[in-house]
1. Considering only protein heavy atoms, what per residue accessible area in square angstrom results for the stretch 246-322 with a 1.4 angstrom probe?
2. So if R0 is 56 Å, what FRET efficiency would residue 326 and residue 190 give, r being the distance between their Cβ atoms, rounded to the nearest 0.05?
3. Say each of residue 384 and residue 439 gets a label point 7 Å from the Cα, pointing the same way as Cα to Cβ; how far apart are those two points in nm?
4. If you plug each phi of the stretch 413-428 into the Karplus form 6.51 cos²θ - 1.76 cosθ + 1.60 with θ = phi - 60°, what whole-Hz ³J(HN,Hα) values come out, in order, with x for Gly and Pro?
5. Carbon and sulfur atoms: what percent of the 1.4 Å accessible area of the stretch 240-327 do they account for?
6. Any idea how far the Cα center of the stretch 116-167 sits from the one of the stretch 262-335, in Å?
7. From the phi angles alone, apply the Karplus equation (6.51, -1.76, 1.60; θ = phi - 60°) to the stretch 402-411 and give each ³J(HN,Hα) in whole Hz, x where the residue is Gly or Pro.
8. Between residue 207 and residue 240, what is the label-to-label distance in nm when each label sits 7 Å out along the Cα-to-Cβ direction?
Amino acid sequence: MKKRLVKSFLSKAGISCTKISNKKNINLMASYKKLFVYHSQHHLKHFEIKLLNNLYIIPPTMKNSFSNKCFDKYLDIFKYNEWSRNQLASILIASKENGGINLSVEDAKILFDADLNGKHVVGIVKYLQTESYAGATKFLSKKLPLISKTGPLCELVVVWAEYFIQEVFFSLWTDDRLTSNLYKRAQLSVEELKFLKDNGFNVDSFEIIANMIKDQGIDKTLRKERFSCIPINIWEKIVNYVNSIIYSLKPRTDINFDCVTTHVHSMLNKLPEAYLESLQSWKEKETYTEEDQRNKLGDLFRKPFLPDHLQAFDDSYNMWTNHFNDLPIPEDKGKELNDLLSSNIAVGRDKKRLYSIIPVVDLSTAGKTYTIFQLANSKPVNEMYKYFYVINCVEGINLFDTFIKKVESRRNSTQKLISILALTIHIAINTLVEKVPQDISPTGFLKFVRGNGDVFLSQLFLELVSKISDMAQLTELNFEYTQKLKNLHQTKVVFSFDEAHLLLGYGKKTVKLNDGKKGNLFHGVYKEICNFNNPVFVGTTFSICKAALNVSKEGRKLMKPVIGCMKPWFLRDVEKVLCHMFNVEDFKANNPNEFSALCFLLSGSPENFAIFHRAVLQKSLEFKGNKLNNLKIGLQEVIKFKEERSNVRINSLLKENYLTVITPLLRLLFHKECIFQEPYTEELDNDMPVSYTQVFIKRQ
C-alpha cells in the first residue's frame, strides 16, 4: 500500500519509477521524502543520487539533463576548452578546497580584462605536457600582452594549470599518475591497487566510469556490465573519488567581473571599517574639545565650537568655521539652491538630457560654504530624495589636491579624471549605504571626506585611474550610480566646487569644446558632470564672473545661477545662535542694550560669529568668569576683521576692470548679452571716467 502511495506521489512530482526494490517500507518512505524535497528544489546531489541507486529509482530527467542541474555550481572539467573568461576568473579566486588558488579579485579582474579563457588553458596544458613550465609561462605572456608585465600572474595561472592536470583532468594522466592518485586521494591500499592492475584497470577504465557518472549518475548496471570483477568496497571508493573530481571546481558566484568595482574589491571591503574609524576619531576629538571649552568658558559654555576638518582640532582654533553647526541659521538659508538640487533641473530629452550648471554667486563671507555644508543637514524639498550627500571640492582637501596633480601631469585626459573623481564618490557612498546602512549619514560622510577618509578616497581614486580607460564606460557608470542612489536610497550627491574660478588655471587647453577651441578644467567639470548630475560652482560676485566668461555658448544655455540668495544673519538670527552656543540669557536680561549692540555688530556674514567665537575661546583664560569681558574681547576681533576686509575689498574693486566684471554678472542675471552705450561728448568734457559708462540691457 505504502509503495503504491509512494508511486503516486512520485508520479505527481513528475518522477516515473522504472523499478522499485524490495527495501523495507520505512526506508523507502524516508528516501522518498528526501528525494521529493530536493527534487522539487532542483538540487539533486550525490547522496540523493545514491538514494536513487539504492531504490533503483531512475527518473527519466536524470540522463543528460542531470549533469546540467548538478553542474550549475561547478565547472565542467570535460569541456574546459569552453570555459568563459568569467568562469576562469571566478575559479581562480575560489579557495583551494574549491579548486582555486585564492587569487585576489583585483588580479583576477586583470586576467578577465585580458580575456583569459578556456582556450588559453588548452595551450598552457599542451606546453606543460610537451615542453616546460617556462614554455607555458612564455606562451601565456605572448598570447595576452596585457598581463605580460605582470609576471607573477602568468606564473600563478600556469601553477594552477599544473595542479589541474595532476589532480583533476584524468584524461591526461598516465597509469602511474592514476595509481598514485588512487592511493593518495581514494585511499586504496597497496593490495587493492595491485588487484586493479592485475585485472587491467587503467586510465581508460577510470575515464569510462567518470563519463558514465557524469551523464547518467551512479548506475549499478555499469559495475555489473563492465566492472563486475571489482569488489563492491573498491568500487565505492573509486566512484566516490570520481565524484570528488567532477565536483572539484566550484567557482565563486558573488563577484561580477563586468563591474568596475572589482578593480578595487579589496579596498572597498576595508571602506566600512575606515568610515567607522573616522567617525570614532571625530567623536573622540569632539568629546575632548567639548570638555576643554567647558573648562575655559565656565558657565558661559553651552555648545562646543567645532572645526570643519579633523586635522584642525590640533590647530588652537585657527581657521575654525563651525560649518558643522547643527542649527541652520537662518532656517531657509540657501533655499533656492535646495529647490534646484531637489528637482535636478535637467535640460533636453532621453539620452540628450543634461543637468543644469548651478553657479552659486554671492559676496565674500556671505556664507556660501556654510550653506553647502548645511545641505548635509537639510532635507530635499522634492519627495524623490531624502538626503543630500555633499562633496565640497576645494584646495587643501587631499582628494581634490590629488585630482589636481593628476590633471596637471597630463598623463590622462582631463574628462577621464573628472569622471573617475565622480565615480570614486559614487562607489564610496553606494558601498557605505549598502554595507553600514545604520551608521552612514550625509553629515557622517562629509566628516569622513574631511577627516581620515580623505586619504582613503585619494588612494581609491588613484587605483581607479590606473585600472580604467574606457571613457564611455565611465560616463555610463556615473549615470547608473546616480540613478541607483536616487531610486534605491533616495540620495542626491552634490558635487560642489568652491572657489570655482581657480579651476580656470588648471588643465589649460585639454578639453575640447563644441566650437573647436580647447578649454580648461572648469569646462571639463561642467561638460562631464552635466551628463549625470548638477555641477555646483561656488564663488564670490567678482571671482565667479571670471569663470562665467569661460563657459561656452552651449554651457550658458544650461546655466541656472543662484545669485545673492544667501541671506545674511539679521539681529534675530544672531540672537538665536548666541543663545544656542552660549549661556547668555542672564546677560541678555541684565544688559539688554549691550546685548542688542552685540547682536547688531555680529550681524551680516556668518564669518563674523566664527571670528567672535574663536576670540572668546582664545582669550578665555584672561577673563575667566567674566562674561561681559569675554564677549567684549570677541567683539573687538570682529570689528578689526571688518575694517581689514573693507579695506581689501575697496582696493580690489579699484584694481578691477569694471566692465569685465559687470558684463558676465549681468549676463548671469538677465541671460542676455550687454550693449554698452558710447559716452556722450559732454560726459567726456566733464572728465567722466569711461569705466563708469551707463550699461543698458538689450531686450529682444
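1. Numbers: 3840 Å² over 77 residues.
I get 50 Å² per residue for this part.
2. It comes out at approximately 0.10.
3. Going from the residue 384 label point to the residue 439 one covers 3.2 nm.
4. Running phi through 6.51 cos²θ - 1.76 cosθ + 1.60 with θ = phi - 60° gives 5, 4, 5, 5, 5, 5, 4, 6, 4, 5, 5, 4, 5, 4, 4, 4 Hz.
5. Looking at the stretch 240-327 in its full context, I get 47 percent from C and S.
6. Each part's Cα centre sits 53 Å from the other's.
7. Calculated HN-Hα couplings, in order: 5, 4, 4, 4, 5, 4, 6, 6, 6, 8 Hz.
8. Taking the simple label geometry, residue 207 and residue 240 are separated by 2.7 nm.
The values are calculated or read from the model by the stated rules, or taken from the named source; none is laboratory data. Computed from a prediction, not measured in an experiment: that's the story for all the values here. Neighbour counts are summed over all protein chains in view; Cβ atoms, including those assigned to glycine, are modelled from backbone coordinates with ideal geometry. Ligands, DNA and RNA are stripped out before the accessible areas are found, and what is left, the full protein with its side chains, is counted by its heavy atoms. Shrake-Rupley method; radii C 1.70, N 1.55, O 1.52, S 1.80 Å.
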